[in-house]
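Worksheet: the structure to be examined is printed underneath.
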Amino acid sequence: MLVMGEVHTALLQNSGEIQEPVCRQVLGLMAGETVRVSRRPIAHALSPDLLTGVDCRLPSASQARVRAVGTVVSRCAITGGRVAQGSSYVRVERAAVDRRLSWSHYLSRPGVAEVLGKAKAGDLAAGFLDGAPPDCLDLGAISGRFLDLAQSSPLLDRRAPFRIPRTRLRWVTEVGEPSIRFTLHSDQVRTVRIAHPEPFTPALAALCEDLALHDWLLTTLLVLVERAGIGSAPGAQAAAKLAPAVDHLLHLWMPGAHVGESLAPYWESLDRRPGFTRQWRTLEDRVRDQVALNTLTLLSITAQTGRRCQ
Amino acid sequence: MLIFAISDKGGTGRSVTSTNIGYRHALQGNDVCYLDFDFGSPTAGAIFSVSSVARGTRNGGLHEYLRGGCAEPHRVDVWTESDREGLRTKPPGAGRLVLLPGSEGGGELSAVDDEMVRRCVQLFGRLEEEFDLCMVDVSAGRSFTAEMVLQASVRLPSIPFRWLVFHRWTRQHIIAADGLVTGADGLLDAGARFGHDPEELRDRIRFVRTAVLEPDAAELVGLRDEQRAWLSACDAELRELAGRHGVGRTAMLGKVPLDPVLQWREQLISDEDVLASKIANAETAAAFDELAKKIVDDSAWEGL
Amino acid sequence: MTSVNAAFGELAAERRIASAPLSHVSIELGHLYMEDFEAGPERLREQFGRVAPWAAAVRSGWQRRIPGGRARVSTCFLIDDYFSRFSTPAELVPMVLEAAAEHDLSIDYLARESSCAEADGVELARLVEGRLVDDPPPGTTGSRPPVKETGWLCNGSRSPRPGSVQAMGPAQRWAPPVQNAKRGHSIFVDVELWDENGGRRTWSCPFLAAVWQLLRLGMLRTEGELPLRPVPAGASWPARWDDLPPIVQLNDQAAPFSAYTTLSVLSPRFLPVELAVRTVLSQVAVDAEVLEQVRRRSDGEGVALEDEIVDRVTYVFG
């Protein structure tokens, strides 16, 4: 029927970026399961997929009582040794019988939640993207806990270079003519609605994780630029406040790096409108200009003092 | 940084002082979060003038969160939700100021189980990611709430934390404040039981005197010489008593003068209250400002 | 030249899962505990005598099912060296083989129970523990982590704990435990998976038996590889259990150790243990890739398998 997911993204709670062996340990959430690591074009480590059992109502825009039973797939990712994500999704399908079966039935279809009774995909999608009421499936809580697993690893020193809230991105994919809709809600909440002509594959979840990562980068850089108070604060102070952005963020922008070829057009269309990369480049230029300007000022002061001493 | 605010007894002005410190810290440009862990009477909402949560919140209060009733506690952005016009716009350069209210009709915890400590750890860990300072109002005296945060802070070894013990400047309060820290089942005793190093824990505890009437204060100008001499003698006696009980100057982080505004209506003291309407004393605002700096100033927290 | 198709791969970014060779059925001819051993060889002979007709029936059943009668059937025998250590391989193994032979039973594979806990540096029990996905009671939204009693696993909701969590709040009343998938009334099962003494963990007998079943079904992997492979028997039997490989292949013509399905012939006294084993098995999430591999192979052979792992495990109690 449809697939729904939620990705939480945060600054990894460590003073510097972490290297691959540490990434492997932080993300080694299951004995005997390998952490998948790719190094190009940017380091990206993915924990094994873990399951969480659920038996509850699904959010529905029409407030219909729709019960689903099954398992949610979750994982953690660390990109560039710097940004951590907790991600969960579930494929919602119609059950063959309208009563709860033994648990082993659901475990034989990992990542699927079966709807007992009638439900409309569009109604569930809208209900989910609006934010679920308390007694409904809570993918956000599951993703939040997976992100906690990475963030609370004893291998991290918890001395992050700056404080920044997590962002959460809820997404839904359905089968249909290709389209993508990205919506900013509050300061931290975003939604993405994707229609894709082919049946669901985990690559779509990876696309949403990549969107969440880049949206977080953009959101965070905007906050850092705002905090720097460019124009109102003294240049040196603004430059100092922008230093963490230069040290930890600017090199991480790599849209679509781990998204399959066939899904690349979704990223490209978002980059045309609203133009994520365009906004990022502008901000990046602003940050670099500030830092450069401050360096020039410092240089000229040094030169002047030098002349006076002669 | 986590700051745990506790007092020896009720009525010390712990909540109003700690909210004001949090407020000042936010004005100084830091992102601040205030957690109302005073479960028996969650009134931080009233102090921040957020009437919708004046007596706690009905949905998603901290109490409910710790019992597992909701996945995430309710948050109130003071800069947008306060009823006081003077607070409703974030001053330029100020950080975030977020209140996590208690649950309306909540009661003191009657026990602490492992699940509750786990949730508390999760909460502190997550808030630490986004806030420079989390001020936790732990309520008065020995409580399960104090026990819970002692246990939670042991499990977060890399998150720095400090305790502020609020007390009034009287004989009974000085003795009680010392007892709360060093007495049987006090912070050090219970802390050691949960795995804190008592020496290290002691270094993380400082006292804050509230509603202090200085013998040379302006309010005392009309007093007779005999009264002033008596007050002075009392003060000296209390200083000596405080020194003996380890509540003296070295262990003190600061003091807040007696201010009618704080006595009659517990509220945030804004610069407007001092400069424009002049209902509050400049000394009071200055004391809060000073404390807001000192709580994160490592030199004020060097070993005793 | 206008465009070039570029291909780039990173091995560390891919998941590679080895496939296990599979028989149609793995028959467990017996499970030897110290008390059986102490009862003498007569007890063993009796046991094999009871098992032999069932084993033959299952073998011929599969031969009828498979076109051309080419059913792959392997047999195995498990010796407990985990809960108690008795005798030596040199003394015990020949006695077991002899007793089996008297009833025309051939044991293809001999395994040690402690290998289900740990063998060759791989902690199989930990692998399985990591794959447990708790059966969620209705109303489980994911907003909190599953309610767990450390070291226990159940098939429903336990009784709430008495007491109240808030000063002056109402106390909670007793309520019965409830099975999640109950039909009318509950059969609530709560299984102890392990206990710890002085920091040393001892896995429970049902949990190790669940590991044993998963091993026989070829469902376990570590770092994508098979955790244990049978080792051909040496010329002589060692004097210490630790010197015996975890799984010894006694018959070099034997069909593969792991199989699509398993059959265990057991005394009825093991019924409660096996109920516990099934409770555990129905909460183990086998790797989706492994499930898919097995399904593809069985489909290719025209063998229809039950969807659920626990239904591929069968018993004869007698």
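What the table shows:
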{"quantity": "Global form of the protein assembly as shown, assessed from the alpha-carbon gyration tensor, a/c cut-off 1.5", "calculated": "prolate"}
{"quantity": "Chain C - percent of accessible surface contributed by carbon and sulfur, probe 1.4 Å", "calculated": "51"}
{"quantity": "Per-residue [θ]222 nm for chain C (sum of -39500 (n - 2.57) over DSSP H runs n ≥ 4, rounded to 500)", "calculated": "-8500 deg cm²/dmol"}
{"quantity": "Portion, in percent, of the accessible area of chain A that falls on carbon or sulfur, probe 1.4 Å", "calculated": "54"}
{"quantity": "List of the stretch A:30-45 residues, accessible area with partners at least 10 Å² below that of the chain alone (1.4 Å probe)", "calculated": "A:Met30, A:Ala31, A:Gly32, A:Glu33, A:Thr34, A:Arg36, A:Val37, A:Ser38, A:Arg39, A:Arg40"}
{"quantity": "Per residue solvent-accessible surface (Å²) - chain C, probe of 1.4 Å", "calculated": "49"}
{"quantity": "Interface residues in the stretch C:137-158 - accessible area drops by 10 Å² or more relative to the isolated chain, probe 1.4 Å", "calculated": "C:Pro138, C:Gly139, C:Thr140, C:Thr141, C:Gly142, C:Ser143, C:Arg144, C:Pro145, C:Pro146"}
{"quantity": "GNM top mover of A:Cys76, A:Cys56, A:Cys208 - chain A, alpha-carbon springs below 10 Å", "calculated": "A:Cys56"}
{"quantity": "The stretch A:2-211: C-alpha gyration tensor shape, a/c 1.5 cut-off, then a/b vs b/c", "calculated": "prolate"}
{"quantity": "Fraction of beta bridges assigned by DSSP in chain B that are antiparallel (%, nearest 5)", "calculated": "5"}
{"quantity": "Estimated FRET transfer efficiency when R0 is 35 angstrom, pair C:Asp190-C:Ser84 (beta carbons, to 0.05)", "calculated": "0.90"}
{"quantity": "Exercise: per-residue mean of other protein chain Cβ atoms within 10 Å, B:30-37", "calculated": "1"}
{"quantity": "Accessible surface, the stretch A:219-305, averaged per residue in Å² (probe 1.4 Å)", "calculated": "55"}
{"quantity": "Loss of accessible area when A meets C, both sides summed, Å² nearest 100, probe 1.4 Å", "calculated": "2800"}
{"quantity": "Radius 12 Å from Cβ of C:Val122, net charge of other residues (Lys, Arg +1; Asp, Glu -1)", "calculated": "-2"}
{"quantity": "Residue-averaged beta-carbon neighbours from other chains (10 angstrom radius) around B:105-113", "calculated": "4"}
{"quantity": "Mean Cα-pair separation over length for chain C, i.e. relative contact order, pairs under 8 Å, 6 or more apart, %", "calculated": "25"}
{"quantity": "By average C-beta atoms within 10 angstrom, highest first, the peptides B:241-252, C:72-83", "calculated": "C:72-83, B:241-252"}
{"quantity": "Buried on assembly, the stretch A:155-171 (at least 20 Å² less accessible surface than by itself, 1.4 Å probe)", "calculated": "A:Arg158, A:Arg163, A:Ile164, A:Pro165, A:Arg166, A:Arg168"}
{"quantity": "About the Cα centre, charge dipole magnitude for the protein assembly as shown (Lys/Arg +1, Asp/Glu -1 at Cβ), debye", "calculated": "1720"}
{"quantity": "Percent antiparallel among DSSP beta bridges (both partners in the protein assembly as shown, rounded to 5)", "calculated": "50"}
{"quantity": "Shielding by partners - mean other protein chain Cβ count within 10 Å, residues of A:47-57", "calculated": "6"}
{"quantity": "Rounded to 10°, Cα long-axis angle of helix A:276-309 versus longest principal axis of chain A", "calculated": "20"}
{"quantity": "Per-pair calculated FRET efficiency, R0 = 60 Å: A:Asp98 and C:Gln63 via Cβ, rounded to 0.05", "calculated": "0.90"}
{"quantity": "Among C:217-225, C:267-275, B:87-95, C:105-113, the order from most to least packed when residues are scored by Cβ within 10 Å on average", "calculated": "C:105-113, C:217-225, B:87-95, C:267-275"}
{"quantity": "Principal-axis tilt of helix A:202-228 within chain A, Cα atoms, nearest 10 degrees", "calculated": "30"}
{"quantity": "Heavy-atom surface of the stretch A:2-211, accessible at 1.4 Å and reported per residue (Å²)", "calculated": "35"}
{"quantity": "The stretch A:219-305: C-alpha gyration tensor shape, a/c 1.5 cut-off, then a/b vs b/c", "calculated": "prolate"}
{"quantity": "Estimated inter-spin distance, B:Thr250 and A:Glu226, nm [label 7 Å along Cα→Cβ]", "calculated": "4.6"}
{"quantity": "Chain pair A, B: total accessible area buried, heavy atoms, 1.4 Å probe, Å²", "calculated": "1300"}
{"quantity": "C:Tyr33 paired with C:Trp174, simple spin-label distance in nm, labels 7 Å along Cα-to-beta-carbon", "calculated": "3.1"}
{"quantity": "Computed label-point distance, nm, for sites C:Glu42 and B:Thr170 using a 7 Å Cα→Cβ extension", "calculated": "8.9"}
{"quantity": "Mean Cβ neighbour count within 10 Å, used as a protection proxy, ranking B:41-49, A:188-196 highest first", "calculated": "B:41-49, A:188-196"}
{"quantity": "Whichever aspartates and glutamates have a C-alpha closer than 15 Å to that of B:Lys294, once near sequence neighbours (fewer than 8 apart) are set aside", "calculated": "B:Asp132, B:Asp203, B:Glu302"}
{"quantity": "About the Cα centre, charge dipole magnitude for chain C (Lys/Arg +1, Asp/Glu -1 at Cβ), debye", "calculated": "1020"}
{"quantity": "Chain pair C, B: total accessible area buried, heavy atoms, 1.4 Å probe, Å²", "calculated": "800"}
{"quantity": "Value at 222 nm in deg cm²/dmol, rounded to 500, when DSSP H runs of n ≥ 4 in chain B each add -39,500 (n - 2.57)", "calculated": "-11500 deg cm²/dmol"}
{"quantity": "Value at 222 nm in deg cm²/dmol, rounded to 500, when DSSP H runs of n ≥ 4 in chain A each add -39,500 (n - 2.57)", "calculated": "-12500 deg cm²/dmol"}
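The values are calculated or read from the model by the stated rules, or taken from the named source; none is laboratory data. If you're wondering where the values come from, they're calculated on a predicted model, not measured in any experiment. Neighbour counts run over all protein chains shown; Cβ positions are idealised from the backbone, glycine included. The area values use the complete protein model at the heavy-atom level, side chains included, leaving out ligands, DNA and RNA. Shrake-Rupley method; radii C 1.70, N 1.55, O 1.52, S 1.80 Å.
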